[in-house]
1. Over the Cα atoms of the chain, Rg to Rh with Kirkwood Rh, two decimal places?
2. Take THR27, THR12 and order them by how many other Cβ atoms sit within 10 Å, fewest up front.
3. Amide H to amide H under 5 Å from ALA16: which residues, 5+ apart in sequence or cross-chain, H placed 1.01 Å off N in plane?
4. If you keep only loop residues by DSSP, which trypsin sites (Lys or Arg not before Pro) in region 17-68 have at most 16 other Cβ atoms within 10 Å of their Cβ?
5. Loop only by DSSP, 13 or fewer other Cβ within 10 Å of the Cβ. Give me the chymotrypsin sites (Phe, Trp or Tyr not before Pro) in the chain that pass, ordered by residue number.
Amino acid sequence: MVSKPGHKVLITQVFADDDENLESDPTFGVTRRLIGRFALAPDGRSASMHHDFELEPGEMKFPRPPIP
């Protein structure tokens, strides 16, 4: 979930470029724009990823859970 005042809340997911399941996505939710590349840190124990998200102007309204 990504938010910024004056913009609509974006709920999305970024997929790892080396995920073996990318080609078998049953809901067709994976698009090229949602694939990210992780970079291994020099210590070899962690990774990071840079990804740009584009937000639409509008009301910053957070969703409510479907179960009370």
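1. Rg divided by Rh gives 1.06.
2. Arranged by neighbour count, lowest to highest, THR27, THR12 become THR27, THR12.
3. GLY36
4. ARG37, ARG45, LYS61
5. Listed in order of number, the matching sites are PHE28, PHE53.
Since every read-out is calculated from the coordinates, none of them should be taken as a lab result. All values derive from a computational prediction rather than experimental measurement. Backbone-built Cβ (ideal geometry, glycine too); neighbour counts: all protein chains shown.
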